[in-house]
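Working notes for the structure below.
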Amino acid sequence: MRIQVNGRPREVEATTLEALLRELGFEDQKVGTALNQEFVRDRDREKIVLHEGDAVEIVTPRQGG
Amino acid sequence: MNAHPEIAADPLTLYDAALRSRLLLGTARYPSPAILAESIRASACEIVTVSLRREAGGGRAGESFWSLIRDLGVRVLPNTAGCRTAKEAVTTAQMARDVFETDWIKLEVIGEEDTLQPDVFGLVEAARALCDDGFKVFPYTTDDLVVAEKLLDAGCKVLMPWAAPIGSGRGVNNAFALRALRAHFPDVPLVVDAGLGAPSHAATVMEMGYDAVLLNTAVSRAGDPVAMARAFGLAVEAGRLACLAKPMTPRDMAEPSTPVIGRPFDGVG
């Protein structure tokens, strides 16, 4: 399935957001997520089913002013 | 840094937090993580701002930064820097609450690229949505008094007007507007956020009666960020103490400070 991850097109196997994080190597990191610009909380990721063309954001802590 | 007794007895309250330091420090653009950590310690600040950014798969940049900040034992104030719509800002704030486990959010909705001026319409819209959702919102705003009223109506308990554009280091661009805000909202915590370049700028706004200052670039891009962090910490404390001490009223003409009576040679020749 082809989706967008952090603004870039990507072919993925995962069918849920939780599985996507595992597939991309984020399983042991604290990340924030959004699907199609809507926030998805940590505990809901397992229930979120991905569809062709979805846009996923995956963010982590960074320096800020 | 040892606080003056007057300062120690004068805590700053921002939402649910009572703080000794009135300096909030950004964490971006330091020469190295070690200098960032040392600058935070030197400033004696208790709140630092942080952000969320995209992480490449397998990357660990976020994890190492977050570990460094947690070890310093300071509170974090996540921001929505770079967001250009209320929707983007609200979603970013929600992700920040999930990641940083705090309901504090420094709300930025940027409206114009050259000045990074807040889009005050989007700001008020996002502030209302976030306050309704239980966030404790610190809005980065202009010095516009009517916008400030709208942000308070939306549920904000703190306001953060700019002194000058972000990263400009210009100091106070519009002292009249900042004084008017302070006079109009005597009981609202007001934090000057953005545009300060030198410790004297920080002391100036603290002497005006501002409750705190938030800055980043003035420290992180200084020749010696650690020394500058300490200088800002001292200036903020000096400015607060001066405000509490009630500065004298300026006069147009000179007035001798040394007693005139008994001056030698008076009446001679």
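The values are calculated or read from the model by the stated rules, or taken from the named source; none is laboratory data. Because the structure is predicted, anything quoted here is derived from the model rather than measured. Here Cβ is always computed from backbone atoms with ideal geometry, including for glycine, and neighbour counts include all displayed protein chains. Side chains included, ligands, DNA and RNA excluded: accessible areas come from the protein's heavy atoms. Shrake-Rupley method; radii C 1.70, N 1.55, O 1.52, S 1.80 Å.
General remarks:
- Most to least accessible of B:S257, B:S64, B:S32, B:S220 (protein chains only, probe 1.4 Å): B:S257, B:S64, B:S32, B:S220
- Rounded to 5, the percent of DSSP beta bridges in chain A classed as antiparallel: 85
- Computed from Cα positions, the angle between helix B:33-43 and the longest principal axis of chain B comes to roughly 40 degrees.
- Principal axis dimensions, largest first and in whole angstrom, of the stretch B:214-269 by Cα: 62, 25, 18
- A cut-off under 11 angstrom between Cβ atoms defines the neighbours of B:V74, and their net charge, with Lys, Arg +1 and Asp, Glu -1, is +1.
- Gaussian network model of chain B, springs between alpha carbon atoms under 10 Å - residue of B:Y140, B:Y210, B:Y15 with greatest fluctuation: B:Y15
- A:V49-A:N6 FRET efficiency (beta carbon distance; Förster radius 22 Å; 0.05 resolution): 0.65
- Spacing of the two label points (7 Å from each Cα toward its C-beta) at B:A61 and B:F185, in nm: 3.4
- Accessible surface of B:V146 - all protein chains present, 1.4 Å probe, nearest 10 Å²: 90
- Counting, for every residue in A:19-30, the Cβ atoms of other protein chains within 10 Å of its Cβ and taking the mean gives 3.
- Over 32 Å between alpha carbons, listed pairs A:K30/B:K150; B:K87/B:K246; A:K47/B:K136: A:K30/B:K150; B:K87/B:K246
- Note: chain A, Cα convex hull, 93 Å³ per residue.
- Candidate aspartates and glutamates for bridging to B:K157, where Cα separation is under 15 Å - those fewer than 8 sequence places away on the same chain excluded: B:D16, B:D103, B:D132, B:D133, B:E149, B:D187, B:D211
- Rounded to 10°, Cα long-axis angle of helix B:225-245 versus longest principal axis of chain B: 60
- The accessible-area ordering, largest first, of the residues A:M1, B:M248 stands as B:M248, A:M1, per a 1.4 angstrom probe.
- In order along the stretch B:256-269, phi translates into HN-Hα couplings of x, 8, 7, x, 7, 5, x, 4, x, 6, 4, x, 8, x Hz, rounded to whole numbers, per the Karplus curve 6.51 cos²θ - 1.76 cosθ + 1.60 with θ = phi - 60° and x for Gly and Pro.
- Under the criterion of Cα pairs below 8 Å and six or more residues apart, the relative contact order for chain B equals 19 percent.
- When only the Cβ of Lys, Arg, Asp and Glu is charged (+1, +1, -1, -1), the dipole of the stretch B:30-186 relative to its Cα centre reaches about 320 debye.
- Computed about its Cα centre, the charge dipole of the protein assembly as shown is approximately 700 debye, with only Lys, Arg, Asp and Glu carrying charge at their Cβ.
- Relative to the longest principal axis of the Cα atoms of chain B, helix B:145-154 runs at roughly 50 degrees.
- Prolate/oblate/rounded call for the protein assembly as shown, Cα gyration tensor, a/c under 1.5 rounded: prolate
- Candidates B:E38, B:E55, B:E101: whichever shows maximal mean-square fluctuation once chain B is modelled as a Gaussian network with Cα springs under 10 Å: B:E55
- Difference of contour (0.36 nm per residue) and Cα-Cα distance, B:V260 to B:R221: 9.1 nm
- When chain B is treated as a Gaussian network with alpha carbon springs shorter than 10 Å, the biggest mean-square fluctuation among B:P139, B:P250, B:P33 belongs to B:P250.
- Nonlocal amide H pairs with B:N79, under 5 Å, H built at 1.01 Å: B:V50, B:S51, B:L52, B:K106
- Net charge over other residues, Cβ less than 10 angstrom from the Cβ of B:R128 (K, R count +1; D, E count -1): -3
- Sorted largest first by accessible area at a 1.4 angstrom probe radius, with every protein chain in place, the residues B:C156, B:C131 fall in the order B:C131, B:C156.
- Three-way shape label, the stretch B:1-94, alpha-carbon gyration tensor, a/c 1.5: oblate
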